[in-house]
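Just below is one structure, and these are the notes that go with it.
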Amino acid sequence: MIHRSIPTPSFSQFSLGPLTIHMYALCILLGIIAALLLGSARWSRAGGITSELFDLAIYVIPSGIIGGRLYHVITTPESYFGRNGHFLNAFKIWEGGMGIWGAVGVGALVTYLYFRHSKRSLTFPVAADVLAPGIVLAQAIGRWGNWFNHELFGSPTKLPWGLEIPVADRPVGYENVTTFHPAFLYESLWCLGVCFALLYLSRARLLKPGSLFLFYIALYCVGRIWIEALRIDPAHHIFGLRLNVWVALLCGALASAALIRRERDGREKVRH
């Protein structure tokens, strides 16, 4: 008999001797490994010294995790500093709560500073383009951590791929609803599509250096807007829209404007 919905895992962690492995953290780790593997191959192909990528990773990976967590804590302070929260919970990353905006923003800043203060085999714009497909691939893998934590789901649905959510994890008012849109899956698939699009554009050399990273931001934001709009979990709203929708709109618009300007200026230089 064919299962007509997606079940949620009955576990979110397992033990290896004295160690407790949290699936959310494991998915993030697997995403980082995938990004490094893809990034190192592209770094070398672009003419860079591979060891530089791993030197950079020492700074970018922890700063990205910190940035992602800070964004989440700042935008949902009541969970950590409110009457029912505790500030020590802010350090429990394995329980979920990573803002991609903070992770990419802080990671990009650290990468820029890394290139600014010493000469490297690649320029910052080229390096950003090299890393972009790996970053969004890591996002695609990391989103599966939300599946194990029974989070990042959307409105109710009776579609065959509806996600089963246990009663204890359903939002108030939806206690009698069994299946919901698997927003985590939608975003994972969208990120995979963005990754393939970036790899194609990179191979075809259709964009000037630095533009591929901007295209990644713009394209990811398009998907994030409609996926975010599906979600029904509690969130801060501004003029009726979730905060993350506004952030996606702003980041997408800025990235698109910068991309158009960069490509236009590049064509004008070629004409002259």
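The values are calculated or read from the model by the stated rules, or taken from the named source; none is laboratory data. Predicted model, so just to flag it, every value in this text is computed and none were measured. Cβ sites come from the backbone with ideal geometry, for glycine too, and all protein chains shown count toward neighbours.
Observations on the structure shown:
- Identity of the residue in region 236-268, aliphatic (A, V, I, L, M) and in contact (Cβ under 8 Å) with a residue 40 or more places away in the chain, that ends up nearest to Ala108 (Cα to Cα): Ala255
- In region 43-93, the residues that are farther than 23 Å from Ile28 by Cβ and in contact with a Lys or Arg (Cβ under 9 Å, 6 or more places away or on another chain): Gly48, Ile49, Glu52
Let's see how each residue does on (1) modelled with pLDDT of 95 or more; (2) of a type in the set (S, T, N, Q); (3) out of contact with any strand residue (DSSP E or B) (no Cβ under 9 Å at 6 or more places or on another chain); (4) under 23 Å from Gly97 (Cβ atoms):
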{"residue": "Ser10", "(1), (2), (3), (4)": "no, yes, yes, yes"}
{"residue": "Phe14", "(1), (2), (3), (4)": "no, no, no, yes"}
{"residue": "Ile21", "(1), (2), (3), (4)": "no, no, no, yes"}
{"residue": "Leu30", "(1), (2), (3), (4)": "yes, no, yes, yes"}
{"residue": "Ile33", "(1), (2), (3), (4)": "yes, no, yes, yes"}
{"residue": "Leu37", "(1), (2), (3), (4)": "yes, no, yes, no"}
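- Selection status of Ile225, surrounded by 15 or more Cβ atoms within 10 Å (Cβ to Cβ), in contact with a Ser or Thr (Cβ under 7 Å, 6 or more places away or on another chain) and not acidic (Asp, Glu): no
- Filtered by the rule that a residue be at pLDDT 95 or above and among the polar types (S, T, N, Q), region 158-178 gives no residues.
- When Leu259, Leu219, Leu250, Leu214 are screened for being closer than 30 Å to Ser155 by Cβ, at pLDDT 90 or above and in contact with a Leu (Cβ under 9 Å, 6 or more places away or on another chain), only Leu219 passes.
- Helices (runs of 4 or more DSSP H) enclosed by region 1-93 - at least 2 residues per element that are among the aromatic types (Phe, Trp, Tyr) and without any contact (Cβ under 8 Å) to a residue 40 or more places away in the chain: 50-75, 78-81
- Residue among Pro182, Pro160 that is buried (at least 19 other Cβ atoms within 10 Å of the Cβ) and either in contact with a Phe, Trp or Tyr (Cβ under 8 Å, 6 or more places away or on another chain) or farther than 13 Å from Thr8 by Cβ (or both): Pro182
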